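The values are calculated or read from the model by the stated rules, or taken from the named source; none is laboratory data. Nothing here was measured: the structure is a model prediction, and the numbers come from that model. Don't worry about glycine lacking a Cβ; one is built from the backbone with ideal geometry, like all the others, and counts go over all protein chains shown.
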Amino acid sequence: MANRSVWSDNRFWQRSAAWVTGVASILLIWLTFDTSAQISMGNDEDLQKGVTKRIPGPTVINYKITYEMDAKRGHEVPVIGEKEKFFGRDDYSEEEAGALLHLGKLGSQAKNCMDCHTLLGNGAYYAPDLTKAWLDPAWGPEGSMQAMTGKNTKEEAMAEFLQHPSQYPTHARMMPNLGITAEEAKGLVTFLKHMSSIDTNGFPRNFGKIQGAIHGK
Amino acid sequence: MASNHLTSESKQLATWYFTFAAIIFGAQLLFGLVAAIQYVMPGFLFEIIDFSIARILHINALVVWMVFAMFGAVYWLLPDETGIETVGIKIGKLLFWIFAAAIVVVVLVYLLVQVGPADATTIWFITEGREYIEAPRWADWGIVVVALGFVANLFLTGIKGKQTGIITVLMADMIAFAGLYLAGMFFTDNIAVDQFWWWWVIHLWVEATWEVYVGALAAYGLITMIGASRKTVEMWLWIEVAMLFGSGILGLGHHYFWIGTPEYWWEIGALFSALEPLPLVAMFVHVLYDWGKECGVEKGRGEVHQIRNKPAFAWFVMNAFGNFLGAGVWGFFHTLPQINLYTHGSQWTSSHGHLAFFGAYATILIGMMYLAVQGTNGIKLMKNTLSSILAITFITAGVVGMTVALLIAGFGQVLISRAQMGATWAAYFDGQSGMWFSQAMDWRLIMGAVTFIGFVFLIKDFLTTGKDARHER
C-alpha cells in the first residue's frame, strides 16, 4: 500500500488501546485510594468530638439519627443528634457496638437479605429498600409496626418482626421465616441503624417526608 | 455432542462446556419463571423456595452458564486461531469436571440449605449473600483455581502457536477477568467498602472485560462465517478495546453515586458511563458494515454471497442490535445521577439487566454454540431450520417483552414509590400495588414463558439439526 495511513494501521490502534486502558486503570486506582480513605469507618472519638464521617463508627447506635435537608449540599444528609437509648442502653463501648455490627453484617449476608431487598439501593427489588429503614416512620411512635408487634421501641419492634416476619404481614408479599435468633435480630437492627447513618449523597430523596401525596392531597 | 468430526481435543472440550452451559441456561429460565410467578402470586412456594432463593439461582445460573460458554468458546476458537492443539488439554478436561461438580454442589446447597446462622461458617459453606457472587468462599477458591488453569492454557497456547490479534486481546482480557474475581472475596463490616469492591467484580466484568471478550468473539465470527478480512476485523477490535476500556473502566463510577462514596463520582461516573454506548454503536456498525462489505466484494467477483452458518450468524447480528439497545440505550436511560437518584434500585435496573445480559452476552454465546453444532456434525454450510427460526424469534420476543414490561413497571414504581411518596416501606408497597406495576408483572410472566418456549425450540434444534439433510456437508 503506497498511501498507508495511520488510521488504518493495526499497530497504531493496538498501542492506543494499551495506552487508553493503562491511563484509565491508573486513574481508577488513584481514585480508589482517595475514596478508600473517605469511606473508612469512623470511631467513637469522632462521634464524641462531632467529626462528620461518611461512614460513622459503630457506636453511632448510641445516638439519635435523623435525615435532614442540607441547604449547602442541596440534598438530605444523616444528622447525628443527642444520645438515644438502643435496646435500653446508650453507653455501648466501641467493642460492644462493633461486635453487634459485625454480627448484623454477617447476618445480612447469611440470610441473603439483598436477594429480596436493596441495601444502599443494590440488590433485588422484591422488598423495600433498607438504606434508611431505621428512619422509616412506620417503625416510629406514629407508625403501625410498634402496635402490631406489641413493642414500645423501634428497635424492639424491628427485632421482633425479624424473628417472626410471617406473623406480621404488611402486604400479600410476606417476608419468610429465616430462622433469625434474638441475638442475630439485635445485630441486624444494629446494622440497619448504622446503615441509616451513612452519607449516601441524598439517596433516597425525600425519605419519609411525604405522606399521602398519592391520594391527591 | 460427541462426534468423530472433531479431530481437535480442544474443540471436544468446548462442546462439554457448551453442553453444561445449555443445561444451566435452562435452569436460569426455570428459576426466573418461579420468581416471576411470585411477583404475581406471592404465596407460590412461600417458605419452600422463597423469592430470594429463586433469584439467587436465576442470577447465579446466568453468570455460570455464561462463564462456561465463554470458556467453551475460547477452547473452540483456540485451534483455529493459533493453528495448534491447545496446550494442557488434559488439565483443561480435569478442571471442567471440578468446575461442573462444584457448581452442582453449590446449587444443591442453595436449594436445600438456603440460609445459615450469622457466622463465618455460613459465608464459607452456604452463601456469601452478595448479589451475583453468592457462591460460598470454598467455591470462590475453586473458581480461582479453575480460572487460573484456563488462563494458563490460553497463555501457553497463544505463546506457542500463532498469536493473532484476537488471541492477544483474549489473553489480556481473560487475565483481567479472572483477576477481578479476587476483589469479591473478602468480608468487611463496612457495607460501603463491601459494595465498593463488589462493583469491581460486577461492573468490571459485565461493562468492561466481558464486552471486550464479545468484541473478540464477534471478530472471530466474522472471519469464520462470512470470510471477513482479518486485518480489517482486528483493526476494529483494537478500536473497540480502546473505546470499551476507555469508557468502561471509569464508568464504574456510576455505581458509586449513593453507596457512601464521595460526590466526585457523580461527575466521573456520569461522564464515562455516558460514553459507554459509543463502542457498542461501533460494534454494531462493525458487524453490519463488514457483512455488507463482504456481500459487495463477492458480488463484484460474480460469486454468490455465502454465510457459512446462518443460525449462528443470525445470533451474532442479534448481538449487534441487543448489545447496543440493551447495554447501551437501556443503560444510558438511568446512568445520569439526576435520574438515577430516583431510579436506582427499581425495576428500571431489572429491565436494563434483562435486555443487556441477553443482548450483549446470551445472543453471541448461543451463536458460538451453533458454530460448535456445525463443527461437531461436519457441516460446511449450515442453514436455518424451522426450530432455529422459532427459537430466535420466541427468545427475542420474550426477552424484549419482559424488558418493556419491566420498564413500565419501573416507571410506575419510580413515580409512586420514589417521586411521590419518598421511598419508605409504605411507599414501596403502594408502588407495587399500582395497576401499572401489577399488570406489567403479569406481562413479564407471560413473556418469560414465551422465552422458555423459545429455549425448548433452541435445545430441540441443537439436538436435531446436525442430522438435517438440508445442510451442505
Can you go through B:Thr188, B:Thr127, B:Thr168, B:Thr121 and tell me which one is surrounded by fewer than 21 Cβ atoms within 10 Å (Cβ to Cβ) and touching an Asp or Glu at 6+ places or on another chain (Cβ under 6 Å)?
B:Thr188
Any idea how many residues of segment A:157-187 are closer than 15 Å to A:Asp136 by Cβ and not small (Gly, Ala, Ser)?
7
Does A:Ser40 satisfy the criteria of being within 11 Å of chain B (Cβ to nearest Cβ), free of Cβ contacts under 8 Å to residues at least 60 places away in the same chain and in contact with a helix residue (DSSP H, G or I) (Cβ under 7 Å, 6 or more places away or on another chain)?
no
Unique match (being within 13 Å of another protein chain (Cβ to nearest Cβ), over 30 Å from B:Leu170 (Cβ atoms) and assigned to a loop (DSSP other than H, G, I, E, B)) among B:Ile37, B:Ile48, B:Ile53:
B:Ile48
Condition first: facing chain A (nearest Cβ under 8 Å) and touching a residue at least 40 places away in the same chain (Cβ under 8 Å). Can you find one or more residues in segment B:276-283 that meet it?
no
If A:Lys154 satisfies every condition in (1) crowded, with 18+ Cβ neighbours inside 10 Å; (2) of a type outside the set (A, V, I, L, M); (3) touching a Ser or Thr at 6+ places or on another chain (Cβ under 9 Å); (4) more than 10 Å from chain B (Cβ to nearest Cβ) but one, which is the exception?
(3)
When every residue in segment A:90-102 that is farther than 17 Å from A:Trp134 by Cα and not aromatic (Phe, Trp, Tyr) is compared, the one nearest to the other protein chains (Cβ to nearest Cβ) is A:His102
Residue identified as of a type in the set (A, V, I, L, M, F, W, C), part of a helix (DSSP H, G or I) and within 13 Å of chain A (Cβ to nearest Cβ) among B:Ile143, B:Ile159, B:Ile123:
B:Ile123
I'd like to know if segment B:59-77 contains one or more residues that are β-branched (Val, Ile, Thr), buried (at least 23 other Cβ atoms within 10 Å of the Cβ) and in contact with an Asp or Glu (Cβ under 8 Å, 6 or more places away or on another chain).
no
Residues satisfying the stated conditions in segment B:90-120, i.e. over 23 Å from B:Leu30 (Cα atoms), within 14 Å of chain A (Cβ to nearest Cβ) and not hydrophobic (A, V, I, L, M, F, W, C):
B:Gly116, B:Pro117, B:Asp119
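For (1) out of contact with any Lys or Arg (no Cβ under 9 Å at 6 or more places or on another chain); (2) at pLDDT below 95, each residue gets a yes or a no:
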residue	(1), (2)
B:Ala172	yes, no
B:Gly184	no, yes
B:Trp198	no, no
B:Leu244	yes, no
B:His255	yes, no
B:Trp258	yes, no
Specify the residue that is surrounded by the most Cβ atoms within 10 Å (Cβ to Cβ); the eligible residues are those in segment B:280-331 that are touching a strand residue (DSSP E or B) at 6+ places or on another chain (Cβ under 9 Å) and outside any helix (DSSP H, G or I).
B:Asn309
Taking segment A:77-136 and keeping residues hydrophobic (A, V, I, L, M, F, W, C), assigned to a loop (DSSP other than H, G, I, E, B) and within 18 Å of A:Met41 (Cβ to Cβ) leaves A:Leu120
